[in-house]
1. Using the Cα centre of the chain as the reference point, and only Cβ charges (+1 on K/R, -1 on D/E), how large is the resulting charge dipole? Debye, rounded to the nearest 20.
2. Which log10 I(q)/I(0) values does the chain give at q = 0.13, 0.14, 0.19 Å⁻¹ under the Debye formula, counting every alpha carbon as one identical point scatterer?
3. When the Cα centres of region 1-40 and region 114-143 are compared, how far apart do they sit, in Å?
4. Counting DSSP beta bridges with both partners in the chain, what percentage is antiparallel, nearest 5?
5. Taking only DSSP H segments of four or more residues, each worth -39500 (n - 2.57), what value at 222 nm results for the chain once the sum is divided by all its residues, to the nearest 500 deg cm²/dmol?
6. So which of LYS125/LYS148; LYS39/LYS124; LYS2/LYS139; LYS2/LYS130 end up more than 31 Å apart, counting from Cα to Cα?
7. Counting heavy atoms of the protein chains only and a 1.4 Å probe, report the per residue accessible area for region 4-147 as a whole number of Å².
8. When only Cα pairs under 8 Å and 6 or more residues apart are kept, what is the percent relative contact order across the chain?
Amino acid sequence: MKARLAADGVRRALIDLGGNLDFIGESPRGGPWRAGLQKPDRPRGEYFGIIEAEDTSVVTSGPYERYFEKDGVRYHHIIDPATGRPARSGLASVTIVDADSARADALCTALFVMGVRRAPEFLKKHGYIKAVLVTNDKKVIITPSVEKIFRLTDGSLSLSVLGEGE
């Protein structure tokens with residue numbers, strides 16, 4: 001869709017597919033688009049941070065919108081292929097910024113399943129990936145490659161840059 005719009009001469013646009021945002025060009029006000037990142041434990045529209053981006057995709061995965069409850073247990077849609085059950089990863093959400101929306105979507109899901117222990121190691125090995133991880137214990141971990149375009153807006157969360165202070 002993004003390629004088709006660009007081919008038709010669209011110079012700036014926002015394509016919103018739920019957890020997947022695709023930006024063409026700069027925002028109508030000039031400069032980068034601003035995307036609010038949803039607080040995983042709050043109602044839709046409450047944000048913990050802002051990503052500024054243009055000509056790219058911002059994709060978020062988390063278990064907080066697509067789920068059901070049965071007998072007091074919450075079952076979400078992100079399945080761990082090793083167990084065939086909803087992933088229990090210690091992560092509340094994963095956001096990826098990438099030129100390719102499909103790649104960003106795949107990375108979000110894979111990193112979510114990897115969890116709070118393995119995802120940071122993967123991201124260290126692949127330093128070009130722009131990622132924002134939110135842990136279940138209210139920590140925000142960002143990659144150095146996203147540091148210039150991400151701003152934490154919720155003071156109740158702690159922020160760390162992957163690889164710093166280790």
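1. Approximately 160 debye in magnitude.
2. Values returned for q = 0.13, 0.14, 0.19 Å⁻¹ are -0.63, -0.72, -1.25.
3. Each part reduced to its Cα centre gives a spacing of 24 Å.
4. Here the share of antiparallel DSSP bridges comes out near 90 percent.
5. -6000 deg cm²/dmol
6. Check vs 31 Å cut-off fails for LYS2/LYS139.
7. About 55 Å² of surface per residue is accessible.
8. It rounds to 18 percent for the chain.
The values are calculated or read from the model by the stated rules, or taken from the named source; none is laboratory data. Treat the numbers as computed from the prediction; the structure is a model and nothing was measured. Virtual Cβ from ideal backbone geometry, glycine too; neighbours counted across all protein chains shown. Accessible surface areas use protein heavy atoms only, side chains included; no ligands, DNA or RNA. Shrake-Rupley method; radii C 1.70, N 1.55, O 1.52, S 1.80 Å.
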